[in-house]
Amino acid sequence: MAAEVRLALIIEYDGSCYKGFQYQKNHPSIQEEIETAIEKLTSQKIKIRGAGRTDAGVHALGQVKAFDLKSDLTANQVF
């Protein structure tokens, strides 16, 4: 049975073409892009968690986010 592991992401991005980090209906967001990419890699729907977010057009360097993933692998083996 797969265990759930929590993985941290340290990310940077150019937010020029996005309406901020947090998911927004009918507008592109960084959160949506990352969650979609992880789902393509893992075939699992995930939800990113974090303590901060950016507004529309704002960039980030070293922003930390986390997500949970079901896996038989250890965190070091996942990616």
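Bin by bin, in steps of 10 Å, what percent of the Cα pairs in the stretch 3-71 do you find, going until the bin that has the longest distance?
Over the stretch 3-71, the share of Cα pairs per 10 Å bin runs 21, 53, 23, 3 percent.
Please build a GNM for the chain, connecting alpha carbons under 10 Å apart, and tell me which residue among 20, 50, 62 fluctuates the most.
Largest GNM mean-square fluctuation: 62.
Measure nothing fancy, just the Cα-based angle from helix 30-42's long axis to the longest principal axis of the chain, in degrees from 0 to 90, nearest 10.
20
Report, ordered by chain and residue number, the lysines lying within cross-link reach of residue 19, taken as a straight Cα distance under 19 Å and ignoring same-chain residues fewer than 8 apart.
Result set, ordered by chain and number: 47, 65.
Based solely on its DSSP helices, what 222 nm [θ] is calculated for the chain when runs of n ≥ 4 H residues each add -39,500 (n - 2.57) and the sum is averaged over all residues, nearest 500 deg cm²/dmol?
That comes out to -6000 deg cm²/dmol.
FYI, it's all coordinate maths here, none of it is from the lab. Because the structure is a prediction, the values reported are computed rather than measured.
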